[in-house]
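Participant: Before we start, here is the structure in question, set down as structure tokens.
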Amino acid sequence: MDIAINTGNSRYQVDKNGYYGRFGGAYVPEMLYPNVEELQTKYLGILSDPSFQQEFEALLQDYVGRPSPLYFAKRLSEKYKANIYLKREDLNHTGAHKVNNTIGQILLAKRLGKHRIIAETGAGQHGVATATVCALMGMECVVYMGSIDIERQAPNVARMKMLGATVIPATSGSKTLKDATNEAIRDWINNPVDTHYILGTAAGPHPYPDMVARFQSVISEEIKKQLLAKTGNAHPDYVVACIGGGSNAAGAFFHYLDEADVKLVAVEAGGKGVHSGFSAATTQLGTIGIIHASKTLLMQTNDGQIVEPHSISAGLDYPGIGPMHAHLYETGRAQFLSATDDEALAAAYELSLLEGIIPAMESAHALAKLKDLPLNTDDVVVVCLSGRGDKDLDTYIRHMNK
Amino acid sequence: MQNRIDQLFAKKQHGVLNIYCTAGFPQLNDTLPVMTALQQHGADLIELGMPFSDPLADGPVIQDSSTKALQNGMSIHTLFEQLAGFRERIHVPVILMGYFNPVLTYGVEAFCAKCAETGIDGIIVPDLPMAEFEADYKPIFEKYNLHLIFLVTPETSEARIRKIDSLSKGFLYAVSSSSTTGKDKDMNDQQAYFERLKKLQLTNPVLIGFGIKDKATFDTAASYANGAIIGTAFIKAIEHSKDIDKTVQSFISGIIQQ
Ligand SMILES: Cc1ncc(COP(=O)(O)O)c(C=O)c1O
């Protein structure tokens, strides 16, 4: 395992100004400039330091339990008449891919001399993963979470508290992930010296999208090796991942970005239907603008007010996507699909019954599109199973009798 | 015509009072009555906030005023409609303050053109970074004689302050402490920073903002700079006002002696 450092001159990777094509940048108020600039100037140096890499790799292996298995899903494959592999990020410690990033960022925060950590969370997975690494390192942890999400992801709130974190409800706007992120950014403005903000997805001001993608790139690095060992070919026909801000997708796509024979499929949350007014399908409903200090695609009104999205899944309930994904969308390098709440629920039930794996509501969106891909019997498909469904049991049970 | 902000600082270098209010707040059509009262009762400069759904640099009071204004139906289009012809009555410099996304969506050039046509003198966009401004937008602002006013904070390095000073026009907005708007941080802790700013002998006038809420804080700030900016305290004052003119009069007379 190592963090991707040399990414060459890929046209899909960040450029020296922090942009992916016309997307990206760091549209931060001056109050945040010193923090963001410190990260921009130091992150690559820290990530490429051998002692950092050693520590990162050791924790991923012994604490997170990596490499996560690449599992051939036999019955799912029979159903969809293709060779479907699941990248089991759900088996990581804390139950999702989010921990890959929080391990990386807590080690970075230590090297920056910070001792207070803040984070935003939607589904609570990133909050739990942050609270976990803070406990591990003995750092103070404050997590902002939308008050609606606090209700729908109660088990994760309890976990964060047990891990010693303070969970602060975000009560503004739509009271979900967007607003939790606003509150985290405001906290950072008010605590510029001692605090590191562990942003949980491949969004936000440069260098976050790139930094998070690099920490998550371990996902595709492992897929390559595992697939080669299992099939004799490191390149699948498809890599499919759900996308909220885009961190698990960025990690699953990372080492395939410049491999044209691998089709990349990102699945957004269609909510109650893309044109129902209750959706989070950013590429279909969005236009270019600035959200959380990044120039990217986002859902907004004609007057430039950010729209409140909807998804059954708290982790995908976000009105933007990270700038790398906006660029992948615009260049056509990745295909963007959307799955509705109902499709995702059905896919979650299907995986549970066919494979004995209860997926996270978010990951179920990726699974839901297997039925829409034009698959041939010899196609190899890797689905990033970004997390497990324990946190979603309430939602699942509520829909069980419908 | 010389920019009104420059005209102001040419005749007044001390105790300049800039008051911030959110457009369309507390009621949609209060924008002009508030501005008229501000001029009438002694504000030297008016900073009008264009409400945004996600005001990252603002504390709860200004956030709530923004939410309220949006609920009232305020938008950039509506604001320009309200402001049409306002220069017949209002002569003090007026600055629009807002986040970059609505301006970008409106179109930066269209926005600047409309500002010039309406009689706006300057713009504050806290989340438009200096580098992007310089690379993409500076000539547009200059073409329309609009001053873009940048922020500096206690954490801004001297080299960067000098760079910001060279790109800023009108005045520099010195944020009193690293915080969102409306935080009560102790002004005495900031005096070393104010002192440092003063010693830099910057080319632009300096107004201090964030946390200025009464006569004492205004006087302290004004003793180190050309004046100060009041936002949150004013929003609180007019939030439930039954008589805008009276409220503004008593608010301002509490800050400055006429
Ligand atoms: C299991 C799981 N998958 C996916 C996501 C979406 O985030 P991202 O798009 O950053 O991978 C989340 C976010 O909370 C999550 O918990």
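The values are calculated or read from the model by the stated rules, or taken from the named source; none is laboratory data. Note that the coordinates shown come from a computational prediction; the quantities given were computed from them, not determined experimentally. Neighbour counts are summed over all protein chains in view; Cβ atoms, including those assigned to glycine, are modelled from backbone coordinates with ideal geometry. Only protein heavy atoms, including side chains, enter the accessible area calculation; ligands, DNA and RNA are left aside. Shrake-Rupley method; radii C 1.70, N 1.55, O 1.52, S 1.80 Å.
Participant: Restricting attention to the range B:101-133, report how many residues are facing chain A (nearest Cβ under 7 Å), assigned to a helix (DSSP H, G or I) and crowded, with 22+ Cβ neighbours inside 10 Å.
Facilitator: Matching residues across the range B:101-133 total 2.
Participant: While we're on this one: State all residues of the range A:282-323 that are more than 11 Å from chain B (Cβ to nearest Cβ) and charged (D, E, K, R); if no residue qualifies, say none.
Facilitator: The one that is more than 11 Å from chain B (Cβ to nearest Cβ) and charged (D, E, K, R): A:Asp317.
Participant: Output yes when any residue across the range A:286-302 is in a helix (DSSP H, G or I) and hydroxyl-bearing (Ser, Thr, Tyr), and no when none is.
Facilitator: Taking every residue of the range A:286-302 in turn, none turns out to be in a helix (DSSP H, G or I) and hydroxyl-bearing (Ser, Thr, Tyr).
Participant: Against the definition (closer than 30 Å to B:Ala159 by Cβ and within 14 Å of chain B (Cβ to nearest Cβ)), how does A:Gln105 come out, yes or no? Talk me through it step by step, then tell me what you get.
Facilitator: Working: closer than 30 Å to B:Ala159 by Cβ: yes; within 14 Å of chain B (Cβ to nearest Cβ): no.
So A:Gln105 does not fit the description; no.
Participant: Within the range B:34-90, can you find the residues that are assigned to a loop (DSSP other than H, G, I, E, B), among the small types (Gly, Ala, Ser) and more than 14 Å from every other protein chain (Cβ to nearest Cβ)?
Facilitator: B:Gly42, B:Ala43, B:Ala84, B:Gly85
Participant: Considering only residues that are open to solvent by 10 Å² or more (accessible area, probe 1.4 Å), more than 11 Å from chain A (Cβ to nearest Cβ) and touching a residue at least 12 places away in the same chain (Cβ under 8 Å), which ones fall in the range B:148-164? Spell out the reasoning first.
Facilitator: Start the filter on the range B:148-164 by keeping residues that are open to solvent by 10 Å² or more (accessible area, probe 1.4 Å), which leaves B:150-151, B:154-155, B:157-160, B:162-163.
Those still in the list that are more than 11 Å from chain A (Cβ to nearest Cβ) too: B:158-159, B:162-163.
Result: B:Glu158, B:Arg162, B:Lys163.
Participant: Moving on to the next point. Considering each of B:Ile76, B:Ile95, B:Ile90 in turn, give the residue that is over 19 Å from B:Ile124 (Cα atoms), open to solvent by less than 40 Å² (accessible area, probe 1.4 Å) and not small (Gly, Ala, Ser). So that I can check it myself, show each step before the final result.
Facilitator: Numbers: B:Ile76 fails: over 19 Å from B:Ile124 (Cα atoms); B:Ile95 fails: over 19 Å from B:Ile124 (Cα atoms).
None of the others qualify; the one that does is B:Ile90.
Participant: Mind checking which helices (runs of 4 or more DSSP H) fall wholly inside the range A:324-402 and carry at least 1 residues that are within 14 Å of chain B (Cβ to nearest Cβ), away from the ligand (no atom under 14 Å from the Cβ) and without any contact (Cβ under 8 Å) to a residue 60 or more places away in the chain?
Facilitator: On the way: elements: A:341-355, A:361-368, A:393-400.
Counting at least 1 such residues, we get no helices (runs of 4 or more DSSP H) at all.
Participant: When the residues of the range B:199-233 are narrowed to those that are among the polar types (S, T, N, Q) and out of contact with any strand residue (DSSP E or B) (no Cβ under 6 Å at 6 or more places or on another chain), which ends up most open to solvent (accessible area, probe 1.4 Å)? Lay out the reasoning, then the answer.
Facilitator: Of the residues in the range B:199-233, the ones among the polar types (S, T, N, Q) are B:201, B:203-204, B:217, B:220, B:223, B:226, B:232.
When the remaining residues are screened for being out of contact with any strand residue (DSSP E or B) (no Cβ under 6 Å at 6 or more places or on another chain), the result is B:201, B:203, B:217, B:220, B:223, B:232.
Numbers: B:Gln201: 151, B:Thr203: 117, B:Thr217: 18, B:Thr220: 39, B:Ser223: 68, B:Thr232: 20 Å².
The qualifying residue most open to solvent (accessible area, probe 1.4 Å) is B:Gln201.
Participant: Which condition breaks for B:Lys236 when tested against (1) charged (D, E, K, R); (2) surrounded by 14 or more Cβ atoms within 10 Å (Cβ to Cβ); (3) free of Cβ contacts under 8 Å to residues at least 12 places away in the same chain?
Facilitator: (3)
Participant: Please specify each residue of the range A:171-215 satisfying the condition of being touching a Lys or Arg at 6+ places or on another chain (Cβ under 7 Å) and of a type in the set (Gly, Ala, Ser). Don't jump to the end; show me each part of the working.
Facilitator: As a first pass, look at the range A:171-215 and keep what is touching a Lys or Arg at 6+ places or on another chain (Cβ under 7 Å): A:190-191, A:194-196, A:200.
Passing the criteria: only A:Gly200.
Participant: Pick out, from the range A:11-89, the helices (runs of 4 or more DSSP H) lying fully within it that include 1 or more residues that are surrounded by 14 or more Cβ atoms within 10 Å (Cβ to Cβ) and within 14 Å of chain B (Cβ to nearest Cβ). Steps first, please.
Facilitator: Details: elements: A:33-48, A:50-59, A:74-80.
Of the helices (runs of 4 or more DSSP H) lying wholly inside the range A:11-89, those with at least 1 residues that are surrounded by 14 or more Cβ atoms within 10 Å (Cβ to Cβ) and within 14 Å of chain B (Cβ to nearest Cβ) span A:33-48.
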